[in-house]
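Novice: Before I ask anything, let me first share the structure, which is written out below as structure tokens.
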Amino acid sequence: MGHLIPLLELAKVLADLHHNFHVTCIIPTIGSPSKAMTAVLEALPTSIDHVFLPPVNSEDLHTLHPGLQISRAITLSLPSLRDVFKSLVATNRLAAFVVDLFASEALEVAKEFRVSPYVFGNKCYGFVFALAYAKAGRDSARRI
């Protein structure tokens, strides 16, 4: 859920800023969604829907690092994602497709349907500060 919550918060902001804006969250699954995830999704405003993709069937998935599990689940979910896209495109005008950093492979599906693809990178301020600090240090070292 650590990757889902920031995307849901982005969906809330978009839905609040643009009142005719409707968001559909397409969620790949490795297994059944947890009770906590279900509760979070059911509490969303009516302008935000969610669709669970069918659980992927891969026996080696549970032996992988969690980050790799997400990426592998995305790869295995691409056919189901295409089916959801076909359905959405048939009934709606899609403005954008936003994915988590681990789901960048899914951007190709958006391109197939001529939907603008975006990657949402949720970085904490400490990480951004560390990058800025490292760059400043590197720039100072070049002047010496």
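Novice: Within the range 97-112, restricting attention to residues that are over 12 Å from the mean Cα position of the chain (by Cα) and within 19 Å of HIS50 (Cβ to Cβ), which residue is surrounded by the fewest Cβ atoms within 10 Å (Cβ to Cβ)?
Specialist: Here the residue is ALA110.
Novice: Quickly run through the range 17-40 and pick out the residues that are touching a residue at least 24 places away in the same chain (Cβ under 8 Å) and not in a loop (DSSP other than H, G, I, E, B).
Specialist: VAL23, THR24, CYS25, ILE26, ILE27, ALA36, MET37, VAL40
Novice: With in contact (Cβ under 8 Å) with a residue 24 or more places away in the chain and either of a type in the set (Gly, Ala, Ser) or within 20 Å of SER116 (Cβ to Cβ) (or both) as the only criterion, which of VAL56, VAL51 stands out? Walk me through it before giving the result.
Specialist: Numbers: VAL56 fails: either of a type in the set (Gly, Ala, Ser) or within 20 Å of SER116 (Cβ to Cβ) (or both).
One residue alone meets the criteria, VAL51.
Novice: Can you say whether THR75 is hydroxyl-bearing (Ser, Thr, Tyr) and exposed (fewer than 12 other Cβ atoms within 10 Å of the Cβ), as far as the supplied structure shows?
Specialist: Answer is no for this residue.
Novice: Kindly indicate which of LEU61, LEU44, LEU8 is within 21 Å of VAL115 (Cβ to Cβ) and among the aliphatic types (A, V, I, L, M).
Specialist: LEU8
Novice: Find the residue count for the range 5-16, including only residues that are in contact (Cβ under 8 Å) with a residue 60 or more places away in the chain and either outside any helix (DSSP H, G or I) or closer than 14 Å to VAL51 by Cβ (or both).
Specialist: 1
Here is a yes/no grid of residues against (1) at pLDDT 90 or above; (2) under 20 Å from HIS18 (Cβ atoms):
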site	(1), (2)
PRO45	yes, yes
ASP49	yes, yes
VAL56	no, no
GLU59	no, no
SER87	yes, no
ALA90	yes, no
ALA96	yes, yes
ALA106	yes, no
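Novice: For the range 11-66, which residues satisfy the criterion of being among the acidic types (Asp, Glu) and either surrounded by 17 or more Cβ atoms within 10 Å (Cβ to Cβ) or closer than 22 Å to LEU107 by Cα (or both)?
Specialist: Passing the criteria: only ASP49.
Novice: So which residues in the range 75-111 are assigned to a helix (DSSP H, G or I) and acidic (Asp, Glu)?
Specialist: Once the filter is applied, which keeps residues that are assigned to a helix (DSSP H, G or I) and acidic (Asp, Glu), the range 75-111 yields ASP83, GLU105, GLU108.
The values are calculated or read from the model by the stated rules, or taken from the named source; none is laboratory data. Predicted, not measured: the structure shown is a model, and the values here were computed from it. Positions of Cβ are backbone-derived with ideal geometry, glycine not excepted, and every protein chain shown enters the neighbour counts.
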